[in-house]
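The values are calculated or read from the model by the stated rules, or taken from the named source; none is laboratory data. Remember, predicted model here, so these are calculated numbers, not experimental data. Ideal geometry is used to build each Cβ from the backbone, glycine not excepted, and the neighbour counts take in all protein chains shown. For the accessible areas, the whole protein counts, side chains as well, though only heavy atoms, and no ligand, DNA or RNA atoms are used. Shrake-Rupley method; radii C 1.70, N 1.55, O 1.52, S 1.80 Å.
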Amino acid sequence: MGEPEVERIPITCTLDCGSRCELVACVRAGRLLRLDTPPNRADTVERPRLIPCARGRAHRRLLSAPERLTQPLRRVGPRGEGRFAPVSWDEALDEIADRLRDVRERYGPQAVMHANGAGSISGRGFCGAMASRRFFTFWGSVTEASGNESNYNASMAAQWMFGEVIPGSDRATLLDSRLILMWGNNPAENRMGPNTEYFIAQARDRGARVIMIDPRFSDSGILADQWIPIRPGTDAALVAAVAYVLETEGLADGEFMATHATGYEAYQRYLLGLDDATPKSPAWAEPITGAPAATIYQLAHDYGT
């Protein structure tokens, strides 16, 4: 008899970037052979292919990772020594239940801290965060953390500035752009939402100019008409020089800034050097960033117009 047929099972990536890219698990006799992408599907603006990155395609390695836990472990030494001994599932579940019951009776349910995480699908009711949260809604009002360690700062800043937690336009609106700045953005390698590079390439084909600002020439450089390398950590100086040109050449909307930005006047004084006698011009930024003053000046004009 020959080998069993390879079964192709559609799945999704659950890593925590939120893209949920399409994957196909190739399985033979219950063993995962590899992860593919759906074959023979067109890449269109209406339904672009969600092509997973290297992290997503490496899911298979998790199954055989030597660090993977396959059974409950109980700490047997002092905290921090890293010594554990295996126990059965029945023993582990009984001990957890006993300790939860003891804490609730002695201190109340608020003494239990519910900390969780389950990738981009957050459990969705069958594992991880949502399953444990549903359990504790029946068990008692436990303590939970506010916000998250992933994008909390960005979400709050966006809410203050724009009124929404996740503002912005659909990636398809890139197709209407005349200028796209990939400033520290590397969509070909690091994704927060798949196929951004697809839309950038399409926009460029339609006539958009694409500029990449990054200390290194990443894989996303193939999408750009111009690469502006700067020294790591000098982005603020480059921003100031661009803003200086916008201010001094009438390319900034002062009325909008005065009514929609906090601290605009102080930043304006900083740009013009009114307090320190050092205008933040492209010539000032050149030795800091490593980008030629003429390049910075042109960048500001490209952006401002």
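Restricting attention to the chain, close to 55% of DSSP beta bridges with both partner residues there are antiparallel. Charge tally around residue 290: other residues with Cβ under 13 Å, Lys/Arg +1 each, Asp/Glu -1 each, net -1.
Counting charges near residue 270 (Lys, Arg +1; Asp, Glu -1) among other residues having Cβ under 14 Å from its Cβ returns a value of -2. Compactness ratio for the range 135-267: Cα radius of gyration over 2.2 N^0.38 Å (N = residue count) comes to 1.36.
The base-10 log of I(q)/I(0) for the range 238-305, evaluated at q = 0.12, 0.17, 0.28 Å⁻¹, reads -0.29, -0.57, -1.23 [Debye formula, identical scatterers on Cα atoms, solvent excluded]. What a 1.4 Å probe finds exposed on the chain is 53% carbon and sulfur by accessible area, rounded to a whole percent. Scanning the chain for chymotrypsin sites (Phe, Trp or Tyr not before Pro) lying in DSSP loops with no more than 12 further Cβ atoms inside 10 Å, the longest uninterrupted stretch between such sites is 1-125. Per residue, the chain exposes 65 Å² of accessible surface when a 1.4 Å probe is rolled over the protein heavy atoms with every protein chain present.
So how do 7, 249 rank on accessible area, 1.4 Å probe, biggest first, that is with the largest at the start? Numbers along the way, then the final one.
Working: 7 105, 249 80 Å².
Per-residue accessible area, sorted high to low, gives 7, 249.
For the chain, the equivalent ellipsoid derived from the Cα gyration tensor has semi-axes of 47, 30, 19 Å, listed largest first.
How big, in percent, is the set of alpha carbon pairs in the range 1-122 lying more than 16 Å apart? Walk me through the numbers before you get to the answer.
Values: 5658 of 7381 pairs.
Considering the range 1-122, 77 percent of its Cα-Cα pairs are separated by more than 16 Å.
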